[in-house]
Amino acid sequence: MEHHEAADGALDARLAFRLPRPVADAWRAAAQGAGQSLSDWLRAQVAVDGVVVTTGKPTPARAVPLRRGTVPTDPVLVRGIAQAGNNLNQIARHLNAGGKVSDAQLLVLLMEIEHRLAEVVAMGGSQEE
């Protein structure tokens, strides 16, 4: 197989695609094992007419962070935060539509949202409302 190192700027097209996580993990591990960047390793796997174009860059010094799995969350906590966010969005919608609210009224509304968020966080979402 013929290898060509790309000149600066020669690699100007980009492709993106989805694949199963185990396959992506295996590809990352194979590239790291070969001492290549993932991009160069993939280019080598799909050589066209026996020609491989690479950047010659080694494996990045830092590992590419893998996405974490699902983080367990407390539904009561999430619901409380969502409700506060919904209230804040309603206030913003009203004001953006030209609605009138005095500074004092707005301050009271925002303080109520802040107080509710503090309650939700303090209880850790562990108690039903």
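Per-structure values
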read-out	value
Test: residue in segment 116-123 that is modelled with pLDDT under 90, among the acidic types (Asp, Glu) and assigned to a helix (DSSP H, G or I)	yes
Wholly within segment 1-114, helices (runs of 4 or more DSSP H) carrying at least 2 residues that are at pLDDT 90 or above	21-33, 75-96
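The values are calculated or read from the model by the stated rules, or taken from the named source; none is laboratory data. These numbers come from a predicted model, not from an experiment.
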